[in-house]
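The values are calculated or read from the model by the stated rules, or taken from the named source; none is laboratory data. Treat the numbers as computed from the prediction; the structure is a model and nothing was measured. Here the Cβ is made from the backbone with ideal geometry for all residues, glycine too, and neighbour counts use every protein chain on show.
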Amino acid sequence: MKYLLTLSIVLALAVTGQSQWWFDAGVSGAWGSTGMIDDNVFDHGSYKQKLSAGTAIGGRLGINYGYHAGLVIEYAGATSQQQYNYSNQSPFNTFKWKHNDLTTLFRYSGNGAYVEFGAKFSSIKDVELDNVGWGLSDVTENFSENYTSGVFGFGSYLMGSELLTINLGIRVHWAFDDMVNEVGKASYYPIVTQQNNNPEPSTWDPSVKTHAAAVQLRLEVNYAFGHFAKEGCHDRWKLILFQ
């Protein structure tokens, strides 16, 4: 709802503002490090994180004012992973979660580069655990249905024309919410060392949150398709498509 409210306010300003409001749309893809950040894991003597990677692909809409400021709304389907070693077995566990992301960002552009920040709402579709001993299992019931993240990114213009542009950037995501629910806490997730799962009591604090995090390289292709303007002094504001 808060995303729809933000969009409504911006669109209202666009209708009453000057012809400096313009719009672009595009597609984007991302690849890079993903993971579950949890102090219980860091404090465990034998259960250790491995560097893991995930992907995302989706579409975007830009609502821009002038040459510098804009609001970006994105929707993407993503797959994230976190691998763990245990007692020198590599990998021992691999968590893979699929999620749909709705992201709203403020972007400031200038001199061929941009910086952006905002928030992301992620809805978890399913979570799989691949264990070296007993194989693949569905562990979705141990995880929250959704979580919210802060997002910060930067990048630069690669190539294009007046209407079509290709950008390359880096984006950092950090979840504020705990992605493990009460069912998972009761089973010591994400520390899963055996099927009855009983980690060392001295390493476990149930109040610790498990944060989803990512640092990913992004490629986006955008097309500027129109702007708000009047054709005459007494005409209404309307969307005029670029030729």
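Here are the numbers for the structure shown:
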| item | result |
| --- | --- |
| The lone exception for ASP178 - which of (1) of a type outside the set (A, V, I, L, M, F, W, C); (2) assigned to a loop (DSSP other than H, G, I, E, B); (3) modelled with pLDDT under 90 it fails | (3) |
| Subset tally (residues that are within 15 Å of the chain's Cα centre (by Cα) and crowded, with 17+ Cβ neighbours inside 10 Å) for the range 147-171 | 6 |
| From the options VAL115, VAL180, VAL192, residue that is within 26 Å of LYS48 (Cα to Cα) and either surrounded by fewer than 13 Cβ atoms within 10 Å (Cβ to Cβ) or out of contact with any helix residue (DSSP H, G or I) (no Cβ under 8 Å at 6 or more places or on another chain) (or both) | VAL192 |
| Residues being of a type outside the set (Gly, Ala, Ser) and at pLDDT below 65 - total across the range 199-239 | 11 |
| Selection from the range 172-186 of residues that are small (Gly, Ala, Ser) and over 11 Å from ALA213 (Cα atoms) | GLY184, ALA186 |
| Filtered residues of the range 62-103 (kept if in contact with a Leu (Cβ under 9 Å, 6 or more places away or on another chain) and over 27 Å from ALA224 (Cβ atoms)) | GLN83, ASN93, THR94, PHE95, LYS96 |
